[in-house]
Each structure stands twice: as C-alpha cells, then as structure tokens.
Amino acid sequence: DTGVSQNPRHKITKRGQNVTFRCDPISEHNRLYWYRQTLGQGPEFLTYFQNEAQLEKSRLLSDRFSAERPKGSFSTLEIQRTEQGDSAMYLCASSLRTSGEETQYFGPGTRLLVL
Amino acid sequence: SQKIEQNSEALNIQEGKTATLTCNYTNYSPAYLQWYRQDPGRGPVFLLLIRENEKEKRKERLKVTFDTTLKQSLFHITASQPADSATYLCALVSGGYQKVTFGTGTKLQVIP
C-alpha cells in the first residue's frame, strides 16, 4: 500500500501523560499536514511542513504540541501533559507541491482518548 | 470572520435519486474549492476540485458547481446508491501555501 499511513490507529492514555503519533506520507510528496477532527466537525488545520521545514502552525497548537519532520520524510506529532480536551482524531495528509493546485491525501488517522 | 457552512442535518435520499449538498462561505476568497468523502473512522478522500473561474465540473456521477458571486458550491450525486452513504466535506483552498479550510460536513444516507 503506497498511501499515507499513521500509527498507532488508536491510543488511550491517562490525563497528564505524553503521547506521540507517527505519519508516513506518500514517498514523493514534499508537503505534510496535521489536522485534528472532533465528532461532527471537519478537520481543523494544526501545522504543515514543506520538506523538513515547519512553515505554519495554527493557534490551535498550544505549547504542549510539537511536530517534527526530521528528514523530510515521516513526521511525528507529540502531545505533552495530555488533557481530556485533546481527545480527537488526529489526521495526517501529504501532497506534492507543484505550480498548480495540489490534492491532499489523508491517512486513516489516530484516534486519541484521554481519560 | 471566515465561515464555511454545510447542512448540519443529515440528508436522507431514496436510491436512484439525485442528492444535492450545499456549501456556503463568507469572508473568504478561495482560489479553488474541493469536495471530499469521509467514511466513519477514516480519513477524508478527495473527490473533485473546481477553480474559481470554473462554473461546473463533472466526474462520473458527480457534479460540482461553484458560484463565487453567491459564495456557494453545490455538490450533486446522480443515480445515488447506498454505497454513496458517507459524510461529504467541502474544503476551500487559498493562500500561498494553499491552506485548506474544511466545512463541518453533511452526512448523506441513501436508502435502498
């Protein structure tokens, strides 16, 4: 399967714990995005990378959230000191930056439940 | 503030009929607009893209219209099938890095 993959698919943690999610984009894609989605809502943009550079962060991304894409390939999203309000689906998407429009390809998401 | 509105209530339709979903936006000048399909527990899947200078786009049983004066897009599925049941998301794209902003989605249920 050459699509976007995310691990783990599900994560249950206790409040205050740290969690880390991984995203493996489509191999030739240079852009990678993280979104958060709660029930009944559309995905909300969190941050994006072009190659290894993090170019934009949403105001939704508090200091407890950090994302990396060290070699311009896979990316990790870490949440420190998790809170119950962090419970959501975390989606990763990748795209190929060209001169025209770009289409984002989404992974299956990581569903986080903070108890 | 920027706002994207989709029918929050589910749309129930009989198999074989045409489903029409609406996406309205305010305080936004998108370069283009996309429609995605999302099944429960899965990530969105891209369906169609329409540019600001295009009125209509078709792909198989799907049709999208884009009226930048009304600030509205309509998404049609003709000859709907139960397999079309899903949540459909409208997404507006603008800005240098092509920031994507999603609507809340409309849940479509096609009844056999």
Among the GluC sites (Glu not before Pro) within region A:1-54, which fall in a DSSP loop and have no more than 14 other Cβ atoms within 10 Å of their own Cβ?
A:GLU28, A:GLU52
With a 1.4 Å probe and every protein chain left in place, work out the accessible area per residue of chain B in Å², rounded to a whole number.
50
Once the Cβ-Cβ distance between A:ALA53 and B:ALA31 is put in as r, and R0 is 22 Å, what FRET efficiency do you end up with, to the nearest 0.05?
0.50
Per-residue accessible area for A:SER5 at 1.4 Å probe radius, Å² rounded to 10?
50
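Tally Lys and Arg at +1 and Asp and Glu at -1 over the other residues with C-beta under 11 Å from the C-beta of B:GLY41: what net charge comes out? Before the final figure, lay out each step's value.
Working: positive: A:ARG9, A:ARG111, B:ARG42; negative: B:ASP39.
Residues close to B:GLY41 contribute a combined charge of +2.
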Each label point is 7 Å from the Cα along the Cα-to-Cβ direction; what then is the distance between the points at A:THR13 and B:ASP39, in nm?
2.9
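Carbon and sulfur together cover what percent of the accessible area of the protein assembly as shown at a 1.4 Å probe radius?
Details: 5260 of 11550 Å².
Reported share for carbon and sulfur atoms: 46 percent.
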Go ahead and set up a Gaussian network model of chain A, Cα springs under 10 Å, then flag whichever of A:GLN80, A:GLN50, A:GLN17 fluctuates most.
A:GLN17
Among the lysines, select those whose C-alpha is under 22 Å from the C-alpha of B:LYS63, and discard any that sit fewer than 8 residues away in the same chain.
B:LYS17, B:LYS55, B:LYS71, B:LYS107
Between beta-carbons, use under 12 Å as the cut-off and find the net charge around B:GLY105, counting Lys and Arg +1, Asp and Glu -1.
-1
All Cα pairs of chain A, percent lying beyond 26 Å
14
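Translational D (Stokes-Einstein, µm²/s) of the protein assembly as shown at 37 °C and 0.692 mPa s when Rh comes from the Kirkwood sum over C-alpha pairs?
Here the translational diffusion coefficient equals 180 µm²/s.
The values are calculated or read from the model by the stated rules, or taken from the named source; none is laboratory data. Predicted model, so just to flag it, every value in this text is computed and none were measured. Note that each Cβ is placed from the backbone with ideal geometry, even for glycine, and that neighbours are counted across all protein chains shown. Please note that ligands, DNA and RNA were not included when accessible areas were found on the heavy atoms of the full protein model with its side chains. Shrake-Rupley method; radii C 1.70, N 1.55, O 1.52, S 1.80 Å.
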